[in-house]
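The values are calculated or read from the model by the stated rules, or taken from the named source; none is laboratory data. Quick caveat: nothing in here was measured; it's all calculated off a predicted structure. When we count neighbours, we look across all protein chains shown, and the Cβ atoms used for this are built from the backbone with ideal geometry, even at glycine.
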Amino acid sequence: MSGSAQTAPLKLSTFDIDVTPPVGHDLAYDPMIQSWDMGLRAKGVVLSGAGQPIVLVAIDWIGIDDACYDEFKRALASAAGTVPERVAVHTIHQHDAPRGDIQDDFVLAAIHRLEMAVVHSLENTRTVTHIGLGEAEVYKVASNRRILDVKTDTVRAPRFTTCRDSALRAEPEGVIDPMVSAISFWEDEEPIAVMSFYATHPQSYYRTGIPNPDFPGIARFFRQLAVPNALHIHFTGAGGNIGAGKYNDGAKENRLILAERLADGIKRAWESTELQPVSANAIHWGVRPVVLPADTTKNNIYVERYKSGKAKIDIQCLSLNNNASVLFMPGELFVEYQLAAKKMRPDLFVTMAAYGDYTPGYIPTVAAFPQRGYEVVVSKVTPESENILMEAMHQLLNTGP
């Protein structure tokens, strides 16, 4: 390994806390009745030295929206000594997990504990001398949820993440992004943190009343055991129309099978990692605030925020060494956005985390709206959202330091 860049050092600290609710607390769809061997985590990093600190965190909850999302960003910004625009809060979107609710004492306590974890992490910063970039194909996990009628070009049937219909499971995978990306931070020869990114809904089975991180969390745990000196953080990519339905009939044994397949992909991405020296001067953070037009024929939190002029969402981008970019996106984004981002800059290592600000919910493409289907029916935004997001992504991926 060659020497690190001889410029301003990049610093990194890590934090990791339990965010499992107590028995009796509401999960996304049912009250919690008992615990499981693995709880829910909030894992993240603070990058310092490249201007004001940057905070990245992934949480094992279904989603965080509205005022609760704002409070997460405010609290973590305060803890790290930065501004909310430089904080990216994402959920992995497990369904046996709580929702972020600003009126919930447990949620408020979790925010406070996470805030304290960030504060204490800054007492143990490490110098980042290198970053690592790797990717690999994940086999037999993701498939498109929207099965189209070839004659009408409309959704014939949904193939959700659990699919007991053998005929639907026999349909092709459809449009997915099969690649898992891994970005790692190193101090000389030692890895400090690894972030992985993969686009799919993360459910094997749920509505058990038992909070658990499902197969992505188990895969993350496997990788944590394999590389124990580095904190492993996993982000869900643009998986709004993606699930494991082709490979999951709901049998409980499939949770382990899917976890092993995802972990295998992350392992191969790790093994393919190429290191490069890095300094703080080569780290850049971009933000493009957008307002996605709300479907005002519906009544929901996002429409209320839109009508009150409070629907601004920050689209964020972390650029590393001018050859890698991570987009931090809102809602349940369709995978086509992720694929489009990669095509915008084929010369870069581009990856994406979705499920940031959960307020807008499903964000389909323009082409998806006339196709109808579940995601379109429940979407809170209009087709005009695609152009707004595509333009923001293009600007962020093409803005130099």
Quiz item: When you look at LEU76, is it modelled with pLDDT of 95 or more, out of contact with any Ser or Thr (no Cβ under 8 Å at 6 or more places or on another chain), in a strand (DSSP E or B) and not acidic (Asp, Glu), yes or no?
Solution: no
Quiz item: Filtering the stretch 296-314 down to residues that are of a type in the set (Lys, Arg) and in contact (Cβ under 8 Å) with a residue 40 or more places away in the chain, which residue is nearest to GLY331 (Cα to Cα)?
Solution: ARG305
Quiz item: Restricting the stretch 176-229 to residues that are in contact with a strand residue (DSSP E or B) (Cβ under 6 Å, 6 or more places away or on another chain) and of a type in the set (Ser, Thr, Tyr), which is nearest to ASP30 (Cα to Cα)?
Solution: THR200
Quiz item: Can we say MET352 is in contact with a Phe, Trp or Tyr (Cβ under 8 Å, 6 or more places away or on another chain) and surrounded by fewer than 20 Cβ atoms within 10 Å (Cβ to Cβ)?
Solution: no
Practice problem: Please indicate, with yes or no, whether at least one residue in the stretch 162-179 is under 17 Å from the mean Cα position of the chain (by Cα), crowded, with 23+ Cβ neighbours inside 10 Å, not hydroxyl-bearing (Ser, Thr, Tyr) and not in a loop (DSSP other than H, G, I, E, B). | Solution: no
Exercise. Any residue in the stretch 283-295 that's closer than 12 Å to LEU327 by Cα and in a strand (DSSP E or B): show its pairings with residues that are modelled with pLDDT of 95 or more and basic (Lys, Arg) at Cβ separation under 6 Å, as long as the two are six or more apart or on different chains.
Key: TRP285/ARG86
Quiz item: Filter the stretch 122-161 for residues that are among the basic types (Lys, Arg) and assigned to a loop (DSSP other than H, G, I, E, B); which is surrounded by the most Cβ atoms within 10 Å (Cβ to Cβ)?
Solution: ARG145
Quiz prompt | Lone qualifier among ASP347, ASP357 - being among the acidic types (Asp, Glu) and over 18 Å from VAL290 (Cα atoms) | solution = ASP347
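Yes/no per residue for (1) modelled with pLDDT of 95 or more; (2) within 27 Å of THR127 (Cα to Cα); (3) not in a loop (DSSP other than H, G, I, E, B):
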position	(1), (2), (3)
ILE192	yes, yes, yes
PHE197	yes, yes, yes
TYR206	yes, no, no
PHE215	yes, no, yes
PHE221	yes, yes, yes
PRO228	yes, yes, no
Quiz prompt | Criterion: of a type in the set (Ser, Thr, Tyr), more than 12 Å from HIS90 (Cβ to Cβ), modelled with pLDDT of 95 or more and touching a Ser or Thr at 6+ places or on another chain (Cβ under 6 Å) - qualifying residue of TYR337, TYR306, TYR302 | solution = TYR302
Exercise. For the stretch 10-70, please list each of the strands (runs of 3 or more DSSP E) lying entirely inside it that holds at least 1 residues being more than 20 Å from LEU327 (Cα to Cα), modelled with pLDDT of 95 or more and under 17 Å from the mean Cα position of the chain (by Cα).
Key: 10-18, 41-49
Practice problem: Enumerate the pairs (first residue in the stretch 363-388 and in contact (Cβ under 8 Å) with a residue 40 or more places away in the chain and outside any loop (DSSP other than H, G, I, E, B); second residue anywhere and crowded, with 22+ Cβ neighbours inside 10 Å and of a type in the set (Ser, Thr, Tyr)) with beta-carbon separation below 6 Å, excluding pairs fewer than 6 apart on the same chain, so at least 6 apart or on different chains. | Solution: ILE363/SER385
